[in-house]
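Some notes on the structure that comes next.
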Amino acid sequence: MMLFLQADENVTWLAPYAYTIVLIGFAFVLFRVFEGWYAGKYNRPLFRHYFVFKKLKPSQLKVLQEEFYFYQKLSEKHKRQFRHRVATFIEDKKFVGREKLEVTERMKVLVAAVGCMLSFGRKNYEYVLIEYILIYPGKFYSAINQDYHKGEFNPREKALVISWKSFEKGYKITDDKYNLGIHEFMHAMQLEAKQSGDLDSSRFVKQFQNILKQLTDQELKDKLDETRFFREYAFTNQYEFMAVLAEYFIEAPTEFKSHFPKLYSHTQDLLNFRFAGY
C-alpha cells in the first residue's frame, strides 16, 4: 500500500502539463470555430499561409520574372508567397513527358505557375487530386471519350494532361480569353471542392451555387444571349461554364466586370482573388 501511494504522489508533477495540453486543445477548437465563422461571413479564409519558406532555384525564378505576367504584377509579399507555392507544386507533382517529349525546368515552372495563380486566393492550394502532370507535344488521343484533346483532368489516374503547344499559347497570350491551363486546373479544383469538407471547398461550393442561381435570372440570360460575351463552349454544362468563366476572369477582368458585375463578384469570391489589380 505504501508503494502504491508513493507512485501516485510521484506523478502529480504531470498535472500542469496535462492542463496545458487541455488548454491548447480548447484554444485550437475555438480557433477553428472562429476561422469557420470568419470564412462564412467574409467569403475568404482568415489566413492563407502558416509559413512561407520554400525557394526556387535562380533558373526557375528567372522564368517567373521574365515570362509570367501575373507574377510581375504582384506585390513583394505576394511574390514571396507565390514562389513558395510554385516550389511546393514542383516538389509534390510528378511531371511526365509523352511521345518522347523532354520535360524542361521551364515547363515545370510555367505549369506550376498557372495552377498556383488560379489557386492563389485559397488556403489549400496544392490540388490534392493531382499527382501527375502528363505533357504531350500537341493534341493527344483520350481513351475517356475516344477523341483527340488539348487537355483533360483525369481524376481516376490523378493526372492533369495537357498539350504543351496549346498550354504555351494559352499563357503567352494573356488577353484572348483562352487559357488551357486555367481551364483544366479549374476542373480539378471543382472536383476537389465537391469531395472535400475544408473551408476553402465550402466557400467554393457556396459561390458556385450563387453563380448557378444567377444563371436562372431571365435578365442575365437575355444579356448572355445578346452579348455573346462567353464563347459557346461555356454552355456545354455547368462545369465547363465554370472553367470558361475562370479563363475570362483571369484574362479579361475589366471587360468581364463591366458586362456582368454580379457574376464577376461571385467569381472573385469563389477564388478569393484580390491580387494584382483584380
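The values are calculated or read from the model by the stated rules, or taken from the named source; none is laboratory data. Computed from a predicted model, the values in this text were never measured in an experiment. For neighbour counting, all protein chains shown are included, and Cβ atoms are generated from backbone atoms with ideal geometry for every residue, glycine included.
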- Has the range 141-152 got at least one residue that is touching a Leu at 6+ places or on another chain (Cβ under 9 Å), β-branched (Val, Ile, Thr) and surrounded by fewer than 23 Cβ atoms within 10 Å (Cβ to Cβ)? no
- Message: Among (1) farther than 22 Å from Leu74 by Cβ; (2) in a helix (DSSP H, G or I), there is one condition Met186 misses while meeting the rest; what is its number?
- Response: (1)
- Message: Among (1) modelled with pLDDT under 90; (2) assigned to a helix (DSSP H, G or I), there is one condition Gly197 misses while meeting the rest; what is its number?
- Response: (2)
- Please work out which one of (1) of a type outside the set (Phe, Trp, Tyr); (2) surrounded by fewer than 13 Cβ atoms within 10 Å (Cβ to Cβ); (3) more than 26 Å from Lys94 (Cα to Cα); (4) touching a residue at least 40 places away in the same chain (Cβ under 8 Å) is the condition Thr174 fails and give its number. (2)
- Just one listed residue, out of Lys221, Lys165, is of a type in the set (Lys, Arg), free of Cβ contacts under 8 Å to residues at least 12 places away in the same chain and part of a helix (DSSP H, G or I), and it is Lys221
- Name the residues in the range 252-267 that are closer than 18 Å to Phe70 by Cα and surrounded by fewer than 20 Cβ atoms within 10 Å (Cβ to Cβ), would you? Ala252, Pro253, Thr254, Glu255
